[in-house]
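Remarks on the structure that follows.
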Amino acid sequence: MRAIDLGMASCHTCHEVVRLPKVKGEGSILCPRCGEEVHLRKPNSIQYTWALVIASIILYIPANVLPMMEVETFAGTQADTIISGVLYFLETGSYLIASVIFIASIIVPITKLIILIYLLITVQKKSPLRQKQRKKLYVLTEIIGKWSMVDVYVVAIMIALVHFGGMTEIKAGDGATYFLLVVIVTMIAAMQFDPKLIWDTEIQEKRKTDAGNA
Amino acid sequence: MAEKILCCHECDELVRVPQTRKEGRLKCPRCGTTLLRQKKGMVEIMYALSIAASILFLLTNYFPFLSFHVVGNTSHANFMTSIVYLFGEGDWLIGLAVLMTTVVVPMIRIGLMLSLFGPIYHGIIPPYTVFALKVLSHSLPWAMLDVFLVGVFVSMVKLVKMGTIIPGLSLWAFMVMVFVMAAMQVVFDPQPLWEKVDERRSEKGLV
């Protein structure tokens, strides 16, 4: 039995089970234990998640095109984007570092966006298939999200350590700012998605109306 | 005692808690999410770990993190001066993100854990328990010390080619802190604390 069928919901913050007032649509109440707002489902979850997913896809383009880091030496300025950084490490034989950057900056954000889009589409179709696997995918997006920050941290550490007057300076490129925004926006997108929607299938809805008629 | 019902926070299934159960995990029968952990000694372990984490946090932020030598030039970096430098360079968004995720949020989390489990260990449920648990729940995704550690390793490999890197005391403290914080996250179970809040509410006759 789903909690929603009884007009009940658990508080997102303290997990207290609360009975919600009987209103059509999306009623909410303040949790008697912790005072946070409790909803049957996160309000406008699908729309907000879509909006944030699209925003992060758009931000991901300048994040890859613009340089992450600019190294200024007496020999000139060298700018590195995410991809050229990975390729540089591959060429110099640092395969471990190349794969860490590749996974954190390319695989993780793209996987996360693909999973969120897949979840959004299946939820909108009220698909009853592979719910357990989809729930696991959602938990995965929550776990891997923050690991994309690695490259931003690397840029920050390099800037903080390498400043020797006119000799060598490292500066952050605009790509780093856009990439940072991608990480933050995708994290908020994953938080906006309500995993309970995965379980709101047509069969469940039908069972609910049947119970109401009986 | 009334029968307890939980609602799975992932799939919305209502789950009855067997009255006979004492401890151990309770999983959602539909989706497999862990609903209750109820590990013995949680408060004691959390108290110990939060003391350790706060000492390590102070060490991390006081001592130099990394020093970097390139022919005749040396630069030292510790956490706060590096972040201040980022702000000075005009990279304030990156500086702010680093400041929040590696200093401010972890500091708040460690502080709250300590001020929560200290009194509870001594049998007092502090009046700010609800506030502290709420902040701990919302701030969890934004504490990224473990990610920062990977970032440190990557930049060390990058810098090794340019000059000599000397790890400072702060780096060692930081590495231990990452593991202590990870252990805290594994052990931390807010549910028994929420139940203590319930008990206090019913004592006051609010329910």
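Readers should treat all values here as calculations from the given coordinates under stated rules, not as data from a laboratory. Model, not experiment: these values are computed from the prediction. Cβ placement follows ideal geometry from the backbone for every residue including glycine, while neighbour counts extend to all protein chains displayed.
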Checking the range B:1-94 for GluC sites (Glu not before Pro) in a loop per DSSP with at most 14 other beta-carbon atoms within 10 Å yields B:Glu3, B:Glu23
Rounded to the nearest 500, the 222 nm mean residue ellipticity computed for chain A from DSSP H runs (n ≥ 4, each -39500 (n - 2.57)) alone is -17000 deg cm²/dmol
Those trypsin sites (Lys or Arg not before Pro) from the range B:128-169 that are DSSP loop and have at most 16 other Cβ neighbours within 10 Å turn out to be B:Lys161
Listed by chain and number, the residues whose amide H is under 5 Å from that of A:His12, excluding neighbours fewer than 5 places away on the same chain and using placed H, are A:His39
The FRET efficiency for A:Glu37 and A:Tyr118, from their Cβ-Cβ distance with R0 = 25 Å and rounded to 0.05, is 0.30
Filtered pair list for the range A:42-213 (Lys only, Cα < 15 Å, 8 or more apart or interchain) has a length of 13
Within the range A:19-86, DSSP-loop GluC sites (Glu not before Pro) with at most 13 other C-beta atoms within 10 Å are A:Glu26
